[in-house]
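One structure below.
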Amino acid sequence: MKIDIEKLKKIVGKENVSDDIADLYVYASDASVHHAMPTAIVRPQTIEQVQKIMRYANSSKTPIIARGAGSGTSGHTVPIDGGIILDMKKMNRILDIRPEDMLVKVEPGVVDDDLNRALKPMGLFYPPAPASSRIATIGGEIAANASGVRSVKYGATRDYVYGMKVVLANGDLVNLGSNTRVHSSGYQLERLIVGSEGTLGIVVEATMGIRPIPKFRCLAVANFDKLEDAGNAISDIISSGCEPSMLELMDKIGIVAVNKAMNLGLKEVGAIILFEADGNVKEAVDFEIEKMKKICKKYNGKDIKKSYDLAERTKLFSGRKKLFASLSRYKEGIICTDLADDMGVPNSKIAEAAEKIHEIAERNNVIMAVYGHCGSGVIHTKIMLDSKKKSQWEDAEKVIDELYDYIHSVGGVTSAEHGIGLSKAPPWKKARSDIIPVMRKVKRALDPNNILNPHKIMDAPDNWVQATNLRYKVG
Ligand SMILES: Cc1cc2nc3c(=O)[nH]c(=O)nc-3n(C[C@H](O)[C@H](O)[C@H](O)COP(=O)(O)OP(=O)(O)OC[C@H]3O[C@@H](n4cnc5c(N)ncnc54)[C@H](O)[C@@H]3O)c2cc1C
């Protein structure tokens with residue numbers, strides 16, 4: 001693909017454009033299994049620069065792929081047809097913190113943890129916090145509707161979006177939403193951008209809600225011999241009206257992996273549940289924790305520990321925080337792939353789904369961990385396989401087919417928080433053929449030349465193995 005590099009250098013400065021092969025290679029993949037080379041990397045610093053880049057891309061029909069940290073797990077930022085990677089990380093200013101309105105205005109490249117570091121001295125926090133918060137950007141979180149460990153109480157990114165500035169495919173700048181907590185003043189177009197994975201416009205500024213940090217947080221941990229018991233305890237905690245501010249699951253595979261990677265010495269039981277309550281009244285927090293403890297015991301939960309102390313809570317949570325990164329240490333010679341990684345199931349199906357995932361994996365010769373923000377119905381899995389063997393990729397495809405058929409049959413969703421991108425498009429398209437024509441109409445209306453992150457979600461290829469290269473050497 002031909003790109004006018006000199007023109008781009010004139011827009012953003014020569015130090016902010018690269019077509020160096022090493023840079024292109026780095027930007028050819030994200031946290032997924034996919035790999036495809038872009039043609040250029042461009043790093044805008046202002047809204048006007050983004051507008052000019054979009055006008056150039058639209059007139060030359062050049063694909064534009066917005067990128068935050070590239071921590072997306074499904075190939076969202078992998079440029080199938082090449083084109084420009086619009087690296088948003090230089091637009092990383094926190095523009096305004098307004099405690100009196102409980103909102104912040106940020107540029108899209110602000111990293112989640114940096115925002116929370118700035119808010120903390122004011123006694124405030126931005127709750128959605130995915131496990132990747134150390135690197136993930138607010139723009140990427142909006143475009144993926146990210147959620148996290150505290151979403152069971154505080155909700156997902158969409159619940160914090162008040163308004164945003166978006167540059168459209170033709171370079172026009174639009175102000176969506178409001179500065180108020182709610183509005184009923186026309187279409188909620190800011191909501192349309194949430195979860196749009198860079199296919200409808202470029203977020204260049206976001207106005208997000210924030211919350212006061214509660215005075216007390218208590219984290220508790222319970223061990224279970226059986227995964228099924230842990231799953232049932234989670235469902236019961238939610239349906240009994242408890243109010244956890246965190247309710248996480250780790251299965252034995254995850255426990256073994258974090259023990260190996262971090263030397264934590266956790267008991268290698270069937271499953272662990274981590275449950276937290278928070279609030280401004282200690283007695284109320286105690287009350288919630290005791291209610292959840294009782295439910296855990298009803299399902300044979302044991303070795304229950306709890307702590308209000310920050311250092312101890314951080315230690316108790318450390319295995320769960322680094323679980324994803326630890327999984328590739330589970331067994332010599334295997335890699336951890338993000339195929340089938342964040343399905344959502346109804347609350348009543350957590351135990352059944354967890355067991356089913358293990359059963360499908362074992363029958364198809366791959367290893368799958370089961371963990372995640374299960375209190376919100378999010379079940380994380382990873383398919384762990386020997387990437388050098390072609391047969392293992394075929395095994396993975398069988399798992400994906402069978403697993404998503406099951407998930408959809410119980411009323412679950414393909415992706416609860418990471419998005420569809422490339423990897424999850426085939427099962428999602430199979431389940432949601434009803435809305436694909438509507439989504440294509442919206443896409444055509446906003447991006448008639450199909451320059452914004454083409455070939456993703458509804459337009460992703462059914463066979464991504466053929467459409468992109470794998471990051472791994474097979475055979
Ligand atoms: C170790 C690890 C743990 C994770 N844990 C979680 C978790 O707990 N919860 C969760 O939800 N996710 C999690 N993720 C997935 C990922 O971190 C999130 O999807 C995150 O929101 C992506 O942010 P990013 O800045 O890396 O975006 P990228 O990966 O760079 O991009 C994601 C999507 O957003 C689009 N985009 C980026 N910036 C913009 C912009 N300014 N305007 C328009 N579109 C844009 C991109 O085109 C792409 O489609 C995890 C990933 C890893 C690697």
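The values are calculated or read from the model by the stated rules, or taken from the named source; none is laboratory data. The shown structure was predicted, so the numbers you read here are calculated from the model rather than taken from an experiment. So basically every Cβ, Gly included, is an ideal-geometry build from the backbone, and we count neighbours across all protein chains shown.
Structural remarks
- Verdict on Leu189 being over 25 Å from Gly319 (Cα atoms), hydrophobic (A, V, I, L, M, F, W, C) and more than 15 Å from the ligand (Cβ to nearest atom): no
- Residues satisfying the stated conditions in the range 389-426, i.e. free of Cβ contacts under 8 Å to residues at least 60 places away in the same chain and within 22 Å of Asn347 (Cα to Cα): Glu402, Asp405, Tyr406, His408, Ser409
- Among residues of the range 142-159, those that are more than 10 Å from Ser245 (Cβ to Cβ) and either more than 10 Å from the ligand (Cβ to nearest atom) or β-branched (Val, Ile, Thr) (or both), counted: 5
- For the range 326-342, the condition holds for no residue, the condition being that it is in contact with a Gly (Cβ under 8 Å, 6 or more places away or on another chain), closer than 23 Å to Ile238 by Cβ and part of a helix (DSSP H, G or I).
- Within the range 6-52, the set of residues being free of Cβ contacts under 8 Å to residues at least 60 places away in the same chain and hydrophobic (A, V, I, L, M, F, W, C) comprises Ile11, Val12, Val17, Ile21, Ala22, Leu24, Val26, Ala28, Met37, Ala40, Ile41, Val42.
- Residue match in the range 113-123 (condition: assigned to a loop (DSSP other than H, G, I, E, B), more than 17 Å from the chain's Cα centre (by Cα) and not assigned by TED's automatic domain parsing to the domain that holds Leu176): no
- Identity of the residue in the range 19-41, among the hydroxyl-bearing types (Ser, Thr, Tyr) and under 19 Å from Tyr472 (Cα atoms), that ends up surrounded by the most Cβ atoms within 10 Å (Cβ to Cβ): Ser32
- Selection within the range 204-235: residues that are of a type in the set (A, V, I, L, M, F, W, C) and surrounded by fewer than 20 Cβ atoms within 10 Å (Cβ to Cβ). The member of this set that is nearest to the ligand (Cβ to nearest atom) is Ile213.
- So Val174, is it within 12 Å of the ligand (Cβ to nearest atom), over 30 Å from Gly319 (Cα atoms) and either touching a Ser or Thr at 6+ places or on another chain (Cβ under 8 Å) or modelled with pLDDT of 95 or more (or both): no
- Qualifying residues in the range 113-136 (those that are touching a Ser or Thr at 6+ places or on another chain (Cβ under 7 Å) and closer than 15 Å to Lys89 by Cβ) - the one farthest from the ligand (Cβ to nearest atom): Asp113
- Lys294, sole failed condition from (1) touching a residue at least 24 places away in the same chain (Cβ under 8 Å); (2) assigned to a helix (DSSP H, G or I): (1)
- Test result for Val258, closer than 23 Å to Leu323 by Cβ, crowded, with 16+ Cβ neighbours inside 10 Å and at pLDDT 95 or above: yes
- On the stretch given as the range 226-254, residues that are over 20 Å from Met292 (Cβ atoms) and in contact with a helix residue (DSSP H, G or I) (Cβ under 7 Å, 6 or more places away or on another chain) total 1.
Residues are listed down the side, and each one gets a yes or a no for (1) farther than 21 Å from Glu402 by Cβ; (2) in the same structural domain as Asp251 (by TED's automatic domain parsing); (3) surrounded by fewer than 23 Cβ atoms within 10 Å (Cβ to Cβ); (4) at pLDDT below 95:
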| site | (1), (2), (3), (4) |
| --- | --- |
| Lys321 | yes, yes, yes, yes |
| Ser328 | yes, yes, yes, yes |
| Lys331 | yes, yes, yes, yes |
| Leu339 | no, yes, no, yes |
| Ile350 | no, yes, no, no |
| Ile357 | no, yes, no, no |
| Ser376 | yes, yes, no, no |
| Thr381 | no, yes, no, yes |
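- Filtered residues of the range 2-18 (kept if surrounded by fewer than 15 Cβ atoms within 10 Å (Cβ to Cβ) and part of a loop (DSSP other than H, G, I, E, B)): Lys2, Asp4, Gly13
- Of all residues making up the range 443-475, the number that are under 29 Å from Val167 (Cα atoms), assigned to a loop (DSSP other than H, G, I, E, B) and of a type in the set (Gly, Ala, Ser): 1
- Matching option when the condition is of a type in the set (Ser, Thr, Tyr) and within 16 Å of the ligand (Cβ to nearest atom), among Ser391, Ser348, Ser415, Ser387: Ser415
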